[in-house]
1. Taking amide hydrogens as modeled 1.01 Å from N in the peptide plane, which residues meet the under 5 Å criterion relative to Asn23, leaving out close sequence neighbours?
2. If contacts are Cα pairs under 8 angstrom and at least 6 residues apart, what is the relative contact order of segment 184-305 in percent?
3. If you build a Gaussian network model of the chain, linking Cα atoms that sit under 10 Å apart, which residue out of Ala164, Ala228, Ala206 swings the most?
4. ³J(HN,Hα) across segment 18-34 via Karplus (A = 6.51, B = -1.76, C = 1.60, θ = phi - 60°), whole Hz, x for Gly/Pro?
5. When the chain is treated as a GNM, springs tying every alpha-carbon pair under 10 Å, which of Met53, Met120, Met247 comes out with the largest mean-square fluctuation?
6. For the chain, calculate the relative contact order in percent as a whole number, restricting contacts to Cα pairs under 8 Å that are 6 or more residues apart.
7. Select from His155, Val174, Gln126 the residue farthest towards the positive end of the dipole of segment 86-175; place +1 on Cβ of Lys and Arg, -1 on Cβ of Asp and Glu, and compute about the Cα centre.
8. How much length is gained on full extension from Lys78 to Met1, taking 0.36 nm per residue of separation minus their Cα-Cα distance?
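Quick note: the coordinates plus some simple rules give every number you see, no bench work behind them. Predicted, not measured: the structure shown is a model, and the values here were computed from it. Glycine also receives a Cβ, built like all others from the backbone with ideal geometry; neighbour counts cover every protein chain displayed.
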Amino acid sequence: MSALIHRTHCPACYSEAIHPSLNAIDYTVSKESFSIWHCDTCTLRFTQDVPDMEGIGPYYRSDSYVSHSDTKEGLINKLYHLVRNYTLVQKYKLVRKMTGLFNGRILDIGAGTGAFSNTMKLKGWQVKGLEPDGTARTQALNNHGLELLTPHAIHQLEAGSFDAITLWHVLEHVHDLDGYWNHFKRLLHKDGQLIIAVPNYTSSDARYYGACWAAYDVPRHLYHFSPAAMKDLGKKYGFELKAKLPMWFDSFYVAMLSEQYKRGKPALLSACWQGFLSNLKTLFNQNKCSSVIYVFRKEDTPNSI
Ligand SMILES: [Zn+2]
């Protein structure tokens, strides 16, 4: 039996100082409205009354949910795939730079159809990827020969056995936030790098589009992070925030979807302008970017693995 999760505490810092902030619509699948709440203590926002793990499945069933499909139809999807090829290389370079390794062991959580895992494998890394969606796992196998694991397999992975753990737009989807952070700590080598990319609701494009901001993506996005909330969350589990990096292309992609939600039709010029403005502000303040990559390392503890 599935149920809705009604939170009386912030899912990140457990504070009771939470209140409704805005209502957003699921434009992609159900067209239902969801309430987004705000935590006054850590500034995390979260989607209130979300379906639990048993009930969330139908909200991922959409032909246009591009994260889980390789469709190349439509202008936005075409651009998405073009940019993705470029960003895959950038992601590899980031992992190489942050770990200082040319060959290492990486765990990619929420691997989708395996594009990033495959990039790392081709560069000589030992790759393990977790993906809940069976169709995506099959595509990863067919397209890249990658055998992705189900998320449950995380329990069997060896402690301290990864130089890097990556989550590219995944953390906002996981129900067991606490469980995943404990796994990050257990699985990372003492010098390992935790790299998490999530949308940033304090970005200038989020402010401009308000409830139409596409990266609220309710109810699939259970949490809406701010840079401050991410830093605090990492600290809670013994991680130190080392770096914040902007994701330049996300500003354009999110603006294009947001324009569509706001006007009911695509508006390329307007989207490009908003994406440009968001990136311009990011040049002076990284906390203004539509999506941010956070790089964490384990805080030094005497008994680190
Ligand atoms: Zn909080």
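1. Hits under the 5 Å cutoff: Ile36.
2. 42
3. Highest fluctuation of the listed residues: Ala228.
4. Values per residue, Gly and Pro as x: 10, 7, x, 10, 7, 10, 10, 9, 7, 6, 7, 10, 8, 6, 6, 9, 10 Hz.
5. The residue that fluctuates most here is Met53.
6. Once divided by the residue count of the chain, the mean separation gives 17 percent.
7. My answer, from the dipole projection, is Gln126.
8. 23.9 nm
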